[in-house]
Structure formats: structure tokens, C-alpha cells
1. Restricted to region B:181-199, and to residues that are assigned to a helix (DSSP H, G or I) and touching a residue at least 60 places away in the same chain (Cβ under 8 Å), which residue is nearest to ligand 2 (Cβ to nearest atom)?
2. Which members of region B:244-268 meet the condition of being more than 8 Å from ligand 1 (Cβ to nearest atom) and within 20 Å of residue B:232 (Cα to Cα)?
3. Looking at region B:353-363, is at least one residue among the aromatic types (Phe, Trp, Tyr) and within 16 Å of ligand 2 (Cβ to nearest atom)?
4. Which numbered condition in (1) within 14 Å of ligand 2 (Cβ to nearest atom); (2) polar (S, T, N, Q); (3) within 12 Å of chain A (Cβ to nearest Cβ) is the only one that residue B:303 fails?
5. Output the residues belonging to region B:36-62 that are charged (D, E, K, R) and in a helix (DSSP H, G or I).
6. Could you tell me whether region A:29-45 includes any residue that is modelled with pLDDT under 95, under 15 Å from residue A:118 (Cα atoms) and not polar (S, T, N, Q)?
7. Can you report the number of residues in region B:231-261 which are closer than 28 Å to residue B:278 by Cβ, more than 13 Å from ligand 2 (Cβ to nearest atom) and crowded, with 18+ Cβ neighbours inside 10 Å?
8. Would you mind finding the one in A:73, A:123 that is under 25 Å from residue A:17 (Cα atoms) and either more than 9 Å from chain B (Cβ to nearest Cβ) or touching a His at 6+ places or on another chain (Cβ under 6 Å) (or both)?
Amino acid sequence: MNQDKVTINRSVSEIPDRKMAIIAESLYLLNLLIIPGLAFFILIWLFAKYDNATTMISGCHLRQAFSASIWAGLLLVLVTWVMLSTMNHDSPYTWMIVIPYFVICHSVLVLLGIMGLAKALAGKKFHYPIIGPSS
Amino acid sequence: MLYSSQRIAKPYFIAAITLFTIQVLFGLSMGMQYVEISIPLISFDTARLIHISLLIIWILFGFMGAIHYIIPEESERELYYPKQAIQLFWIFLSLVIVTFFAYLLLPYATLAKITGNQFFPTMGREYLEQPTIIKLGIFAILCAFTYNMTMTVLHGRKTVINLLLLTGIAGSTIVFIFAFYNSSNLVIAKYYKWWLIHFWLEGTWELIMEAILAYIIFKITGDREIVEKWLYVMVAVTLTTSILGIGHHYYWIGMPEYWQWIGTIFSIFEMLPFFFMVLFVFNVVNCTKCRSSNRALKLWALSTPIMAFLGAGVLGFLHTLAPVNYYSHGTQITSAHGHLAFYSTYVMIVLTMISYAMPLLRNTVTDKIGQRFEILAFWIMTISMFCMALFTVIAGIMQVYIQRTTDINLPFIEIQNSMNILYWLREISGIIFMFGVIIYIISFFVAEIKKT
Ligand code: HEM
Ligand SMILES: [Fe+2]
């Protein structure tokens, strides 16, 4: 019984392209949490350099993380910028909309990234709802 | 269920759910007063006192129930003192009932006087309002409980889960000693008060929560090794961030300025334990090969980390940086965080445990109807609490903006008036939450009991 589990664990870490999947999802999260921009550029570089069209899990996670990062940028930077530049800064209502929008959007994106990372760690595919490509 | 002393969990759970219901009712009565509908007989301050005290107490009941259930199973033996465990329950419950009615019926000052607060002053601080003798009672109960659990584990199998539970309850008991320390210097009094409140909520209780979550996930997946591996990670992160994270309560109470740096830096990372909880459950639980047929349990177990991430992690982070907290301290933003964090971590983990243990304790058939009610209750409670926190955050932003960033000098009450609509929305969410609680309670009565 115990023997069984060890072999299952080993087989997960032996999935050959699992590492790249983990890196892709980590970069998505780093981009959202600690080093916005920089992590995204590394992700673009990996996306361009490595085969992202394969059906292997690394290809899946690279495509998903790449697409989701672009959407995250649009939702967090562009939409917020549009809101802030069109709304009146001297009204509390502006902040009552913009801050909750940003916080909810950001936390949902981070949660999705954590799930993506969890699946990458488990050596499985993951599909970002709406913001990830469907294949 | 393998050991008969696990049955002691049942009265604890029933008491927890009952007190929970009463707590929510008192919350609703306060929400009404916010929108200027007066409630006969119950003043705002009494309701607030009861609302907060009951919250802490019923979660303790929930934890004690959970721990009475888990410890025998993990230790592979009966409780060391099974009889005393059930006596302890009744003593605790009577203490709670006496205190409840004392709060409700007596003016607080009178209560302080007749319980001799002038000789040993510990009363009057938020969360620590209990008369000194009641505090002594709670402390004695915690000691007896910890002792019984420790003896059980020492004479049985030791696992990561039960050792962590022991650490959690022993730690909670030790820091409760600070409830007895009070100083006439307000700064020092507050300094030590947070040792108790912060170290319970973000320290020892968080450890208990992680242990219960790990136990439940182990029950769902059947793989102990990987659960324990993650448990080490979560505990390590909790301990390294939460201890100095206490600084986020020291920004403006008169402590030296370096606390603003310490509090800010360490509490940024206090969201990490919740990050890892989400990572853990979604990494480990593979729904295609779940053992358990309890759908409600899976829903609770997978949602608890997500909601905890939002309530404690995100809403905590939102106001934990000293420059932000400078504006938000003690506003509705704090209240929003307090509500969502408590619901998402401790309420949800206790209800998760009840969802797992109650059917086994009551010997119910894997009942479709009860499950359906429970799942419905889950969604109603979780969504309405989320909305309540959202409306309260929005009210808080408005409050901060008008009260603390502009030069308009409106009286406090007028500012509160301008947020009336948000207070209405909050109260409506609260009423919907109450419906959720009612449906939750019904779910126990519609369940079919197996005939033996
Ligand atoms: C683990 C679950 C948590 C619970 C149950 C919880 C609950 C609470 C409660 C009830 C308060 C109000 C205290 C008062 O009366 O002043 C509070 C305050 C606070 N919490 Fe938490 N909390 C949790 C986690 C966190 C985390 C992870 C952070 C930081 C990232 C955080 C940051 C804060 C801050 C900064 C305050 C002070 C608010 C103010 O200045 O008014 N909390 N918390
Ligand atoms: Fe704290």
C-alpha cells in the first residue's frame, strides 16, 4: 500500500515537461503579485522559445498562462486606467467603484493562477475559464 | 466512527450551531439599528457585546467538537478521560448561558461591580468583556481540555495532525493568560491584549484550522503522506509570518514607530498561508477519484481555502500596510475584513467538520435530501456573506474618503447617514444569511436516520 503511493508520487515528478508547466504558472502568479511586467516578459520569451503548440502539459500551461496574463493586463491596467481617466477623482463614488473592481478582479485572477499552479504541480492540464484559449 | 468517545463531539456541535444562530440574530438587530430602526429592549452596545462574545465562544465549541472527534481516531484509542470530557461540556455550556443572561439583563457596570472587577480589573476591553471569574472558568476549561487531549495523544499514536492540534490548543490556552493582564496604561494594556487576540486568530487558531483541513482532505483522498507534506509547509509559513505580523495592530496605539515597518513587512506575507491552503486542496483533491460520496463536504472543504484567501488574505492585505491603515484604521473596512475573515476561516472550517462528522455521529443514510439542503445553505450563506463584506467595504471607502481625506468637517453621524443605502444593503444581505442558517439547520432534520 505504502509502496504504491511512493510510485505514484515519483511518477508525478517524472512527467518530463511538468517543470515547464510549473514555471509558466509561477510566472503568471509572479506577474500578478510581485514583479509585474518583468515576469510577463520572461513568460513571453518562454512562450516564443519553447514549443507551445504541443499537446503535452507544458504546451498547455504555457498557452494558458500566456493568454491569461494578457487578459489580466487588460482587465487590471487598461480597464482601471480608462475608469480613472474618465471618472471624477473628487467624488467618493469613483473610488467606491474602482477599488472594489480592482481588488475583486485581481483576487479572482490570482485564485485562478493558484489553481493552475496546483494542476501543474500535479502534472495535469488546466484551462482558465473565459480568459484561457479553449485548446 | 471507530471510538465511542468520539460521540462527545455531537453535543459540542449542536451547541455551536445553536450559539451561531443566536449570534447572527444579534448581528441582525445591530444592522437594524444602523438603518435607524430601533429594536426594543436590546441596546446596540449590549447586542455588540453578545454578538462578538458568542462568535468566539461558539467557534471554540466547534473546535472542541472537532478535536474530540479527531483526536481519538488519529491516536487510535479512546479519550483518556471520556467522562470528564462530557462533564466539561456541561460546565462550559452553563458558564456560557450564565454569562449570556448576565450581559443581557444587567447593565455592564453593575455586572463589573458584582463580580468584583474593582479588585482584579480585567473587564471592559473589546473581546475580553467577560467578568474575571468567567475568564478564570474559561481558562480552567481550556486547561482541562488540553490536558485530556494531551494524555490521549501521549498514550496513543502520534501523527502530524494530532500533534498540531495539541500545539494549537495548548498555545491557545497559554496565550489566554494575557486576558488576566490589564494595565492602567492604555498603551501597555492594548499591547498585551493583541497578544491574545492576534495570536489566537492568526496563530493558534490558524494552526487548528490547518490541522482540521488536512484531516478532512486526508479523509477525502486517503493519502496521508502528501497531506502531511503540505501541512508542514502551511504551518511553517503561518508561524514565520503571523508572529511579527502582530505589528499591524501596533501602528497607532502609541507604540514605537518601528512597528509600522515590522507590521507592514511581516503582514504582507500573512496571506501566504491562505495561498498555500488553496494550492494544497486543489493540488491534492482530484475529484475524479474522490472516495467520499458526501458532496456537501467536498464543497465545504474546497471552498473554505478560497474564501479564507479572500476574507483573511485579500481583505487583510487591503488594509494591513501602515500607510493604508493610517486611513482605514477602525472604519467599516475593518468590520468588513473581520466579518469575511471570520466566516471564511473559522465558521467555514467548523461547518466543514460538522459536514463530515455529523452524518457519522448521527448514523444518517447518505441522504440526498439533507445534502441538497446543506448545499443550498452553503451557497446562500457564502454568497450573502460575501455581499455583506462587499457592501461594508464600499461603505468603508466612502467613510474614509469623507471623514479622513477631505477638509469637509461633517459630524460623524452625518457621514454615517450618507452611507445609509449601503447599510441597508448590508442588512438585507444579513437577513438572507439568516435564511441560509435556517436552511442549514433544517438540513439536519430532513436527513434520514439509519435504522439499526
Ligand atoms: C485568520 C483569519 C483572520 C481573522 C479571523 C481576522 C479577524 C480580524 C478582526 C475581527 C479584526 C478587528 C479587530 C478589532 O476589533 O480592531 C481584524 C483586524 C485586522 N486584521 Fe485581521 N483577521 C484575520 C487575518 C488577517 C490577515 C491575514 C491580515 C493581514 C494580511 C489581517 C490584517 C488585519 C489588520 C491590519 C487589522 C487592523 C484593522 C484596523 O486597523 O482597524 N488579518 N482582523
Ligand atoms: Fe492581526
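The values are calculated or read from the model by the stated rules, or taken from the named source; none is laboratory data. As the structure is a prediction and not an experimental result, all values here were calculated from the model. Quick reminder, even Gly has a Cβ in these numbers, built from the backbone with ideal geometry, and neighbours come from all protein chains shown.
1. That would be B:197.
2. Quick first cut of region B:244-268, residues more than 8 Å from ligand 1 (Cβ to nearest atom) only: B:244, B:246-247, B:250, B:253-262, B:264-266.
Listed by number, the residues that qualify are B:244, B:266.
3. The answer is no, given that none of the residues of region B:353-363 is among the aromatic types (Phe, Trp, Tyr) and within 16 Å of ligand 2 (Cβ to nearest atom).
4. Here residue B:303 meets the rest and fails (1).
5. Residues satisfying the conditions are B:45, B:48.
6. The answer is no, given that none of the residues of region A:29-45 is modelled with pLDDT under 95, under 15 Å from residue A:118 (Cα atoms) and not polar (S, T, N, Q).
7. Of the residues in region B:231-261, 4 are closer than 28 Å to residue B:278 by Cβ, more than 13 Å from ligand 2 (Cβ to nearest atom) and crowded, with 18+ Cβ neighbours inside 10 Å.
8. The conditions single out A:123.
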